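The values are calculated or read from the model by the stated rules, or taken from the named source; none is laboratory data. Please read all numbers here as calculations on a predicted model, not as lab measurements. Cβ: placed from backbone, ideal geometry, glycine included. Neighbour counts: every protein chain shown. Side chains are part of the model used for accessible areas, which takes the heavy atoms of the whole protein and leaves out ligands, DNA and RNA. Shrake-Rupley method; radii C 1.70, N 1.55, O 1.52, S 1.80 Å.
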Amino acid sequence: MEQHKNLGQEYWDNQYQAQTTGWDLGSISLPIKEYINQLTNKDLRILIPGCGNTHEAEHLLQAGFTNITVIDISPTLVAKLQTKFAGNSHIKIVLGDFFAHEGEYDLVIEQTFFCAINPDLRQNYVAKMKDILAHDGKIVGVLFNKNFTFAGPPFGGTKGSYVELFEPHFHIKTLDCCYNSAEKRKDDELFIHFVKK
Ligand SMILES: C[S@@+](CC[C@H](N)C(=O)[O-])C[C@H]1O[C@@H](n2cnc3c(N)ncnc32)[C@H](O)[C@@H]1O
């Protein structure tokens with residue numbers, strides 16, 4: 001079996017220190033933006049795991065959402081976010097491991113977090129999502145629709161593998177090719193909308 005790098009705190013923090021953050025789109029990804037823009041309940045409890053520079057949270061705040069939590073394992077990044085959003089009571093910034101996070105949420109936004117974790121942890125990802133989502137809670141966002149030819153991260157996947165993984169625990173409302181991905185991810189993403197069973 002392929003051995004994966006130890007993708008712990010040190011690995012991720014080093015990427016922020018060295019500014020090797022090629023995954024960062026520089027703005028919110030359009031599929032997620034369009035989803036957010038049709039939500040009417042601004043008090044939804046929203047979590048963004050592996051938030052990075054969290055352009056999604058910035059958009060949520062601008063759109064009037066009041067209960068946003070973002071979590072990331074990198075201290076360098078989180079210190080920056082805490083300065084950036086200081087004094088804003090609508091957003092909570094957590095330094096920590098998603099897999100150890102406690103809370104209850106209505107919506108989790110998935111934007112290049114799933115693909116960043118070691119594939120051995122995918123079952124744990126599903127279990128943890130189920131654990132922290134409220135009744136009828138959902139995961140919405142994007143997943144890669146390809147397998148990469150190099151050792152990740154990112155780690156890819158296909159529609160079939162996601163169905164196998166999520167279907168026992170989530171109603172798969174949407175798992176379709178994105179028509180509005182960022183140019184560099186064009187034709188490589190699936191839009192997901194999974195509701196907790
Ligand atoms: C590929 S980056 C994506 C960042 C952001 N979502 C974006 O699209 O720009 C993956 C992020 O997940 C964070 N991360 C990795 N493992 C984590 C874990 N177990 N708990 C919380 N954050 C984690 C990394 O520090 C990194 O910021």
(message) Taking the full set of protein chains and a 1.4 angstrom probe, give the accessible area of Ser27 in square angstrom, rounded to the nearest 10.
(response) 60 Å²
(message) Test of understanding: what is the full-extension gain from Thr158 to Lys84, defined as 0.36 nm times their sequence separation minus their Cα-Cα distance?
(response) 23.0 nm
(request) Quick one, can you get me the convex hull of the C-alpha atoms of the chain expressed as volume per residue in Å³? (result) 119 Å³
(request) Write out the GluC sites (Glu not before Pro) in region 92-127 meeting two conditions: DSSP loop, and at most 13 other Cβ atoms within 10 Å of their Cβ. (result) Glu102, Glu104
(message) Need one value: the accessible area of Arg122 in square angstrom, 1.4 angstrom probe, rounded to the nearest 10.
(response) 30 Å²
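So what is Rg over Rh here for region 34-150, counting just Cα atoms and using Kirkwood for Rh?
0.95
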(message) Using only DSSP helix segments of four residues or longer, with each worth -39500 (n - 2.57), what per-residue ellipticity at 222 nm results for the chain after dividing by its residue count and rounding to 500?
(response) -8000 deg cm²/dmol
(message) So, taking all protein chains as they sit and a 1.4 Å probe, how much accessible area belongs to Phe98, in Å² rounded to tens?
(response) 10 Å²
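Can you sort Lys186, Lys42 by solvent-accessible area, 1.4 Å probe, largest first? The partial results should precede the final answer.
Working: Lys186 105, Lys42 75 Å².
The ordering from most to least exposed comes out as Lys186, Lys42.
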(request) Quote to one decimal, in nm, the extra length available between Cys177 and Asp24 on full extension: 0.36 nm per residue of separation minus the C-alpha distance between them. (result) 53.0 nm
(message) Using Cα-Cα distances under 8 Å and only pairs 6 or more residues apart, what relative contact order does the chain have, in percent?
(response) 19 percent
(message) Checking the cross-link filter: which lysines have an alpha carbon closer than 21 Å to that of Lys159, excluding same-chain neighbours under 8 positions apart?
(response) Lys128, Lys130, Lys138, Lys146, Lys173, Lys184, Lys186, Lys196, Lys197
(request) Give me the number: length gained by fully extending Glu167 to Ala63, i.e. 0.36 nm times residue separation minus the C-alpha to C-alpha distance, one decimal in nm. (result) 34.3 nm
